[in-house]
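Novice: Starting off with a structure, shown below.
The values are calculated or read from the model by the stated rules, or taken from the named source; none is laboratory data. The structure presented is a predicted model; accordingly, all values stated were derived computationally and were not measured. We place every Cβ from the backbone using ideal geometry, glycine too, and count neighbours over all the protein chains shown. Heavy atoms of the whole protein, side chains included, go into the accessibility calculation; ligands, DNA and RNA do not. Shrake-Rupley method; radii C 1.70, N 1.55, O 1.52, S 1.80 Å.
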Amino acid sequence: MTTPTTPTLDDGYQIPEEERGATGARQRRETYADLVARLSHQSVVKHFDAYADVPWDDPEYRIDPEDPRWELAEDDVLGATSWYRGQPQAVRARIGLHMIATFAKIGLQFEGVLKRGLLEFALRLPNGTPEFRYAYHEIIEEAQHSLMFQEFVNRTGFDIPGLSWWQRFGARQVVRFGRTFPELFFIFVLGGEDPIDYVQRTALRGGRSLHPLLKRIMQIHVTEEARHLCFARHYLKEHAPRLGVVRRFVLSRRAPFILAIMSQMMMRPSAQIVRTYGIPRAVIREAYTRNPVHRARTLEALRKVRELCGEIGILTPGSTLVWKLLGVWEAAPALATA
Ligand SMILES: [Fe+2]
Ligand SMILES: [Fe+2]
C-alpha cells in the first residue's frame, strides 16, 4: 500500500482527481487510452490488501453487535421511525449491524459477478489494448474487497444468505454481457457501484462516530472504487455512442431496469432482517415504499449514472417513460431523439 499524499475524506482518504475522473483542461488533453493507462498506473501505486491493511485483530476493531455505534442514525429512513426508536438499545444496534453485514454480503456477491464479467470482457480484447491490463487490475482489487467484506460478515456472527436464487440466476445472465454486450455490462457495474459509493461517501462525510473497522473498510473501498467508476463511465462515453440502432435501443430500455433493481438491493433491509426483527409492514411502507425522503435519496444515488445515460444519448422520450414507470426518473436532462 502507498500512503495517500492528499488530505482526506473525513480523516481517511480524499480521492485524487485522477481517480474521480478527469475534468476540465485535463479531459480535453487526455485521450481515452491515456486515461485507461493512468488508471492502471494508479492501481500499481495505490492499492490495498484485505489483510495487511486492515488491523482485524486490534482490540479497537473488535465487533460487539450491541455497540451503539452500529445503531441507525436518526436521519436514516428506518432509524427515524418511532418503531425503531422504540426498540431496546441492543436491538437497535443489532439491526444496524445486520443491515451493514447484509450490504457487505450482497456487495461481495455483486463483485463476484463483476469479476466474472470482467474476465469475459478481457477474453475478447485484441492484443495491445490498454483495457486488458486495467480490467485485470480491477479484478484483483475486487478480489481484495470481497475478502474484506466476507471477513467482516464472518466477524459479525450473522449468517447472511445474500442474494436470493432468482437474483443469483439474474446475476449469471449479466456475466456473459461482459463479452457479448460490454456497454450493458458497464451500466450494470455502475448500477451496483454508484449507489453504494454514494452511501459510503455520505457516511464518511457525516459527523457520526463510526466504528473504526467499518470506517477503515469504507475508506479503502471508496478509494479504489473511484477508479472503477471512472473506467466504467469513460468506457461508456467512448463506446456507447458508436452502437448501432438496435443495440442502442436495447441499452436504453434495459438500463433503467438494471438501475432500479440494483439501487434498491443496496438501500433497503433484506427479507431476513424484516423477519428476524419482526419489522411491521407499515414500518417498511413508512420508511421506504411511501417515503419521499427514501425516494429522494434513491434518485440522488442514481443521479450521476442517470446524467451519464443522457450524455451517451440513451435517454430518449421512449426510454424515459420506462424510467418514470420504475419510479427512478427525476427532472429532465436533455433528451436524445428516437
Ligand atoms: Fe469493490
Ligand atoms: Fe469496483
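Novice: Would you be able to tell me the number of residues in the stretch 296-338 that are in a loop (DSSP other than H, G, I, E, B), at pLDDT below 90 and among the β-branched types (Val, Ile, Thr)?
Specialist: Result for the stretch 296-338: 2.
Novice: Residue check, SER164 against (1) away from ligand 1 (no atom under 12 Å from the Cβ); (2) within 24 Å of VAL44 (Cα to Cα); (3) among the polar types (S, T, N, Q), all met but one. Which one?
Specialist: (2)
Novice: What is the number of the single condition among (1) among the aliphatic types (A, V, I, L, M); (2) farther than 22 Å from PRO182 by Cβ; (3) over 21 Å from the mean Cα position of the chain (by Cα) that ILE273 does not meet?
Specialist: That leaves (3) as the condition not met.
Novice: Could you grab me the full set of residues in the stretch 222-234 that are open to solvent by 10 Å² or more (accessible area, probe 1.4 Å) and within 13 Å of ligand 2 (Cβ to nearest atom)?
Specialist: Pass one, the stretch 222-234, residues open to solvent by 10 Å² or more (accessible area, probe 1.4 Å): 229, 233-234.
Within the stretch 222-234, LEU229, ARG233 qualify.
Novice: Now for a different question. Is the stretch 246-264 home to any residue that is away from ligand 2 (no atom under 16 Å from the Cβ), outside any helix (DSSP H, G or I) and farther than 25 Å from TYR136 by Cα?
Specialist: no
Novice: Please determine, by comparing only the residues of the stretch 235-250 that are over 30 Å from HIS41 (Cβ atoms) and in contact with a helix residue (DSSP H, G or I) (Cβ under 8 Å, 6 or more places away or on another chain), which one is surrounded by the most Cβ atoms within 10 Å (Cβ to Cβ).
Specialist: Our first condition is that a residue be over 30 Å from HIS41 (Cβ atoms); within the stretch 235-250, this holds for 244-250.
Narrowing further to those that are in contact with a helix residue (DSSP H, G or I) (Cβ under 8 Å, 6 or more places away or on another chain): 247-248, 250.
Working: ARG247: 14, ARG248: 21, VAL250: 15.
Here the residue is ARG248.
Novice: For the stretch 201-208, does any single residue satisfy the condition of being crowded, with 22+ Cβ neighbours inside 10 Å and within 16 Å of ligand 1 (Cβ to nearest atom)?
Specialist: No, the stretch 201-208 contains no residue that is crowded, with 22+ Cβ neighbours inside 10 Å and within 16 Å of ligand 1 (Cβ to nearest atom).
Novice: From the set of residues in the stretch 66-117 that are of a type in the set (A, V, I, L, M, F, W, C) and touching a Gly at 6+ places or on another chain (Cβ under 6 Å), which is nearest to ligand 1 (Cβ to nearest atom)?
Specialist: Of everything passing the filter in the stretch 66-117, PHE110 is nearest to ligand 1 (Cβ to nearest atom).
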